[in-house]
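**Student:** I have a structure here, written as structure tokens, and I will follow up with some questions on it.
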Amino acid sequence: MIGKAVTALLRLLDAESAHRATIAALKLLPPLGARAPDDPRLSVSAFGLDFPNPVGLAAGFDKNADVPEAMRALGFGFVEVGTLTPHAQPGNPRPRAFRLLEDRAVVNRYGFNNDGHASALRRLSARRLKGIVGVNIGANKDSPDRIADYVKGVETFADVASYFTINVSSPNTPGLRDLQEPDALLELLARVLEARERATARRPVLLKIAPDLTLDQLDGIVRVARDAHIDGMVVSNTTISRPATLRSPLASESGGLSGAPLFSLSTRVLAQTFLRVEGQFPLIGVGGIDGPDAAFAKLEAGATLVQLYSALVYEGPALIARIKRGLVEAFAERPLSVAIGANAKEIARQG
Ligand SMILES: Cc1cc2nc3c(=O)[nH]c(=O)nc-3n(C[C@H](O)[C@H](O)[C@H](O)COP(=O)(O)O)c2cc1C
């Protein structure tokens, strides 16, 4: 109830101000008390980690690692902070985030605004509770050696990250997505994994990809990812495409589209990825999850875990418990181990 009222009030602010107010409030008022333990039927093991439930917070909400514990207390099974770049950077000029109300979607072109590695490291090191917190790493816009920025991320956060996500799929840093090309990706993953071997702790490394890839490009990415023996992939980031069904006048704003209209595209790419990975590593399914049915559909497309962000804007935090309740019911019919990828072939063929 309170969550719904607050969500409605925040709607009166522009998207970025609402987000800032939410982070400020979560910092001041972390939800009190221990969180109720999750139903044991929701627990999942992946990448050598034990997740209390498979529903995670996607990157971009807690860019600076301000509130991972508060978000966990709201019920997420894991929280991905970032994207973090070595140096603080302001990102693109405002306005740079837009709610497409009629479409239950968001367009953003933030451009990796963040406080940089050092301050996030301080906050993550000071954390008292020890839930699963992934660190999503990226490159500074003006970096002379972008791959070196990812290497720094792995070196800097090795002690505090439960896992790393290598973000080569943001549409808002010009040229970043070129790192998805096979030669560049090969070098990136080799240097990142080398850094991981040298680091104080050996953390799982995941690769987050765009949904705007041809099947040839996806073939190349999965081949390199499998050869490099990374631990998993996150599918997907926001799309630069604009489905013809969009109704909001803000649909023409440039940037990455997320939320409900991203669901079918990102789920199809997830299924196509699942079929190419052939069980070598698990996948996190992201894009347009707004309820238990969408979450379960991601699992059937090939995800072992899911993440969401945009639907929180529309549904508020009660969404998390609703998805978990729905998943417990769905697992009674079809346990997670049976559901994963059960519809991948069919979904991959669509579209
Ligand atoms: C405002 C906003 C900022 C985002 N920032 C990041 C980011 O910094 N790094 C990243 O990997 N993904 C970022 N994302 C993408 C999300 O992590 C996610 O992949 C995408 O939004 C699809 O999920 P959703 O439809 O549930 O929002 C951002 C998304 C939004 C809406």
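Each reported figure results from applying straightforward, stated rules to the coordinates on display, with no laboratory input. Because the structure is predicted, anything quoted here is derived from the model rather than measured. Positions of Cβ are backbone-derived with ideal geometry, glycine not excepted, and every protein chain shown enters the neighbour counts.
**Student:** Would you please give the FRET efficiency between GLU346 and GLU187, computed as 1/(1 + (r/R0)^6) with r the Cβ-Cβ distance and R0 = 41 Å, to the nearest 0.05?
**Tutor:** Plugging the Cβ-Cβ distance into 1/(1 + (r/R0)^6) gives 0.70.
**Student:** Can you return the lysines within cross-link range of LYS141? Criterion is Cα-Cα under 22 Å, with same-chain partners fewer than 8 residues away left out.
**Tutor:** Within the straight-line limit of under 22 Å, LYS141 reaches these lysines: LYS63, LYS152, LYS208.
**Student:** Here's a follow-up. Rounded to whole Å, give me the distance from the Cα center of the stretch 276-351 to that of the stretch 137-161.
**Tutor:** Taking the Cα centre of each part, the stretch 276-351 and the stretch 137-161 sit 30 Å apart.
**Student:** Still on this model: In a shell of Cβ-Cβ distance under 13 Å around ASP290, excluding ASP290 itself, what net charge do Lys and Arg (+1) and Asp and Glu (-1) give?
**Tutor:** Values: positive: ARG104, LYS298, ARG322; negative: ASP103, ASP293, GLU315.
Taking every other residue near ASP290 into account, the sum is 0.
**Student:** So, one more: Apply the Karplus curve 6.51 cos²θ - 1.76 cosθ + 1.60, θ = phi - 60°, to the phi angles in the stretch 325-337 and return the couplings in whole Hz, x for Gly and Pro.
**Tutor:** 4, x, 5, 4, 5, 5, 5, 5, 7, 9, x, 3, 4
**Student:** Here's a follow-up. Where in the stretch 76-93 does the amide nitrogen come within less than 19 Å of the point 7 Å from the Cα of ASP142, taken along Cα to Cβ?
**Tutor:** In the stretch 76-93, the label zone of ASP142 (backbone N under 19 Å from the point 7 Å along Cα→Cβ) covers 84-93.
**Student:** Output ³J(HN,Hα) for the stretch 145-161: one whole-Hz value per residue in order, computed from phi by the Karplus curve 6.51 cos²θ - 1.76 cosθ + 1.60 with θ = phi - 60°, and x for Gly and Pro.
**Tutor:** 9, 5, 4, 4, 5, 5, 4, 4, x, 5, 5, 5, 9, 4, 7, 10, 8
**Student:** Between GLU194 and ASP219, what is the spin-label point distance in nm, taking each point 7 Å from the Cα along the Cα→C-beta axis?
**Tutor:** With each label point 7 Å from Cα toward Cβ, the separation is 2.9 nm.
**Student:** Then there's this: If the convex hull of the alpha-carbon atoms of the chain is projected onto planes in all directions, what is the mean projected area in square nanometres?
**Tutor:** Mean orientational projected area (the chain, Cα hull): 16.0 nm².
**Student:** Semi-axes of the stretch 208-310's equivalent ellipsoid from the Cα gyration tensor, sqrt of 5 times each eigenvalue, largest first, rounded to whole Å? If you can, show how the numbers build up before the last one.
**Tutor:** Numbers: eigenvalues 116, 49, 20 Å².
Semi-axes from the Cα gyration tensor: 24, 16, 10 Å.
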